[in-house]
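Read the structure below first, then the notes.
The values are calculated or read from the model by the stated rules, or taken from the named source; none is laboratory data. Only a predicted model underlies this, so the values are computations on that prediction, with no experimental measurement involved. When we count neighbours, we look across all protein chains shown, and the Cβ atoms used for this are built from the backbone with ideal geometry, even at glycine.
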Amino acid sequence: MTHWIENVAKRAIRYMDTIDERAVFPSDEALANLAQFEETFPEKSSIPEEVIALLDDYGADATVATTGSRYFGFVTGGILPASTGAMMLMSAWDQNGGSHIGSPINAKLEEIALSWLIDALGLDKSVAGGFVTGATMANFTALAAARHHLLARKGWDVEAQGLYGAPEIKVVVGEEVHVSVLQALMMLGFGKERIIRVPADAQGAMLAEHLPELDDLTLICIQAGNVNSGTFDPAEAICEKAHAARAWVHVDGAFGLWVMATKAYKHLAKGYELADSWATDGHKWLNVSYDNGIVFCRHTEAIQAAMTIRAPYLVTGDTREPSHYTPEQSRRARGIEIWAALKSLGREGLSDMISRDCELASYFADGLRQMGFEVLNDVVINQILLTFGDENMTHMTIDAIQREGTLWAGPSIWKGQVGMRISVSSWKTTQVDIDRCLVAIEETARTVRESMI
Ligand SMILES: *Cc1c(COP(=O)(O)O)cnc(C)c1O
C-alpha cells in the first residue's frame with residue numbers, strides 16, 4: 001500500500017514539473033477559487049489526505065511561481081533541488097534548531113554550514129554567526145552586538161541597564177539605507193530618525209568623503225547591493241576610516257554579499273571582509289526556502305553577550321549553542337537546509353549560480369536597451385531598473401506585463417523616477433527565459449502604447 005505521503009510527493013512533483021508552463025502570477029480564476037477555503041471552523045475532524053487534497057487543488061494555482069524561472073520581483077531566489085529535498089525530510093523530522101540538545105543534527109550542520117559560508121565569502125575564520133529568519137533579523141542581531149560592544153567599552157552594560165542614561169552612540173547610514181536597517185535601529189532603541197545620513201552618488205553608493213567625524217562610539221551601517229541599483233558602498237575606504245577611529249562597521253548584504261563567493265564579481269565587494277558584522281539572506285540568492293537569514297559577527301563575545309539568555313532547564317555543553325547567536329529560542333532547523341544547499345552547489349556551483357544571474361541581468365539589460373527602452377541604473381550585478389516613459393505609462397506597462405504572465409516584476413522609485421525593478425536571482429533562470437521575457441516585454445509595451453493613442 002502506498003503511504004499517503006507518497007501522494008503528497010506526487011502532488012509536489014506535479015507542481016514542480018509544471019511551474020514554468022503557467023502564468024507567473026495566479027489567474028483571476030485561481031484567486032476566485034480561494035473562496036473554497038472559506039468556511040466556519042469545522043466541528044468535525046478531517047483526515048490529512050483530505051486536507052492536503054483541498055490545499056493542493058485550490059491552493060497550488062494561487063501560489064506565485066517564485067520557484068519558476070521567470071520571477072523577478074523583489075529579490076527572490078527560487079529553491080534548489082537539494083533544498084526542497086532537505087525541507088521534505090525536515091518536515092518529517094520536525095527538529096527544534098534552537099539548542100544542541102534539541103537537535104544534534106542541526107547543531108552539527110549549522111557549525112559546518114557556517115564554516116563553509118565564512119570560507120566561501122572570504123571572511124576571517126574566527127567570525128561567529130547565527131541562523132535567523134531573514135536579513136531584517138540578521139541586521140537586528142548584528143546591531144545588538146554592535147550596541148553591546150561599543151557601550152561595554154565605556155563601561156556600560158546595555159543588557160543589564162538598557163539605554164536609559166547610556167553614553168550616546170552615533171549611528172551613521174547611507175542615504176540609500178534599506179528600510180530593514182532602520183527597522184532594526186528602531187527596535188534596538190536607537191530611533192530610526194536619530195541617525196546621520198551620508199549622501200550617495202548617482203548609483204546610490206555612499207560617498208566616503210562625506211562621512212561625519214567618527215569615534216569609538218560610532219556605528220556605521222553600509223550596504224552590499226542596493227535594492228534598486230545593485231551598487232556597493234565603498235567598503236574599503238569606509239572600513240579604513242572607521243577602524244582608525246575604532247568605530248563599528250555593519251554590512252547589510254542581504255543579497256549583494258553573495259558576490260563575495262564568486263570569482264568574477266567579488267572585486268565589487270572589495271573591503272567588505274574588513275567589517276565587524278554582516279547580514280545576509282539565504283532565501284534570496286542562495287536559493288533556499290523561506291525563511292533563512294544569516295548573521296555574521298567578528299566579535300564572538302559581543303554577539304553572545306547580546307543574544308545569550310540562561311535558565312536552569314536550558315542545558316548547554318561545550319559545543320556551539322545555536323541560540324547563543326540569535327534572538328530566538330525555539331525555531332526551525334535552518335542549518336540543515338543551508339548545509340544541503342551548500343553541499344549540492346560546492347564552491348564552483350555557488351560562484352557559478354551568482355555569476356550566471358549577473359551575466360543574465362547584463363544580457364537582459366542589453367536586450368532592453370536594443371529595443372529602445374531606457375535602463376536607469378548601471379547594471380553591475382543582478383538588478384535592472386527600467387522605465388517605459390512617464391510615470392503613468394510605466395505603471396500601466398508594469399501592470400500589463402504582470403497580467404500577461406510570462407514574467408513578474410514590480411515597480412520602484414529610483415531618484416524620483418518610477419521604474420520596473422527586475423532582479424535576476426534564481427538558479428533556474430536561463431538565457432532562453434530572458435529571450436522569452438524580452439519578447440513579452442516588447443509586445444506588451446507596444447500594446448499599451450498603442451492603446452494610449
Ligand atoms: C531584502 C533585503 C532586506 C530585508 O531582508 P528580509 O529577508 O526580507 O528580512 C534587507 N536589506 C536588503 C538590502 C534587502 O535586499
Any chance G130 is crowded, with 18+ Cβ neighbours inside 10 Å, within 19 Å of E301 (Cβ to Cβ) and modelled with pLDDT of 95 or more: yes
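Matching residues to (1) outside any helix (DSSP H, G or I); (2) more than 16 Å from the ligand (Cβ to nearest atom); (3) crowded, with 22+ Cβ neighbours inside 10 Å:
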{"site": "G102", "(1), (2), (3)": "yes, yes, no"}
{"site": "S126", "(1), (2), (3)": "yes, yes, no"}
{"site": "A142", "(1), (2), (3)": "no, no, yes"}
{"site": "G155", "(1), (2), (3)": "yes, yes, no"}
{"site": "A160", "(1), (2), (3)": "no, yes, no"}
Residue among I294, I238 that alone is closer than 26 Å to G174 by Cα and over 18 Å from the mean Cα position of the chain (by Cα): I238
Residue match in region 42-49 (condition: within 30 Å of R310 (Cβ to Cβ) and either touching a residue at least 60 places away in the same chain (Cβ under 8 Å) or in contact with a helix residue (DSSP H, G or I) (Cβ under 7 Å, 6 or more places away or on another chain) (or both)): no
All positions within region 24-38 that are assigned to a loop (DSSP other than H, G, I, E, B) and free of Cβ contacts under 8 Å to residues at least 12 places away in the same chain: E38
Any hit, region 335-347, residues being within 16 Å of the ligand (Cβ to nearest atom), touching a helix residue (DSSP H, G or I) at 6+ places or on another chain (Cβ under 9 Å) and not in a helix (DSSP H, G or I): no
Test set (1) within 16 Å of the ligand (Cβ to nearest atom); (2) assigned to a helix (DSSP H, G or I) - R147 fails condition number: (1)
Qualifying residue in region 368-383 (condition: closer than 30 Å to M90 by Cβ, at pLDDT 95 or above and not in a helix (DSSP H, G or I)): yes
Any hit, region 306-322, residues being within 21 Å of A254 (Cβ to Cβ) and modelled with pLDDT of 95 or more: yes
Residue list for region 401-452, restricted to those being farther than 26 Å from T84 by Cα and of a type in the set (F, W, Y): W414
Unique residue being under 16 Å from I294 (Cβ atoms) and surrounded by 13 or more Cβ atoms within 10 Å (Cβ to Cβ) when the list is S69, S83: S83
Residue in region 252-273 that is farthest from A120 (Cα to Cα), counting only those that are within 16 Å of the ligand (Cβ to nearest atom) and in a helix (DSSP H, G or I): L268
Among the residues listed as T447, T397, the single one being out of contact with any strand residue (DSSP E or B) (no Cβ under 7 Å at 6 or more places or on another chain), of a type outside the set (G, A, S), closer than 24 Å to D28 by Cα and surrounded by fewer than 21 Cβ atoms within 10 Å (Cβ to Cβ): T447
Verdict on S115 being surrounded by fewer than 24 Cβ atoms within 10 Å (Cβ to Cβ), away from the ligand (no atom under 16 Å from the Cβ) and in a loop (DSSP other than H, G, I, E, B): no
Condition met for F41 (in a loop (DSSP other than H, G, I, E, B), surrounded by 13 or more Cβ atoms within 10 Å (Cβ to Cβ) and not aliphatic (A, V, I, L, M)): no
Filtered residue count, region 74-100, keeping only those that are of a type in the set (G, A, S) and part of a helix (DSSP H, G or I): 6
V173 vs. criteria out of contact with any His (no Cβ under 9 Å at 6 or more places or on another chain) and surrounded by 22 or more Cβ atoms within 10 Å (Cβ to Cβ): yes
Tabulated pairs, region 222-242, first assigned to a loop (DSSP other than H, G, I, E, B), second within 11 Å of the ligand (Cβ to nearest atom) and among the charged types (D, E, K, R), C-beta under 6 angstrom, 6+ apart or interchain: N226/E176
Among (1) at pLDDT 95 or above; (2) in a loop (DSSP other than H, G, I, E, B); (3) charged (D, E, K, R), the one test that E301 misses: (2)
In region 61-94, the residues that are within 24 Å of the chain's Cα centre (by Cα) and either closer than 19 Å to E29 by Cα or hydroxyl-bearing (S, T, Y) (or both): A62, T63, V64, A65, T66, T67, S69, Y71, T76, S83, T84, S91
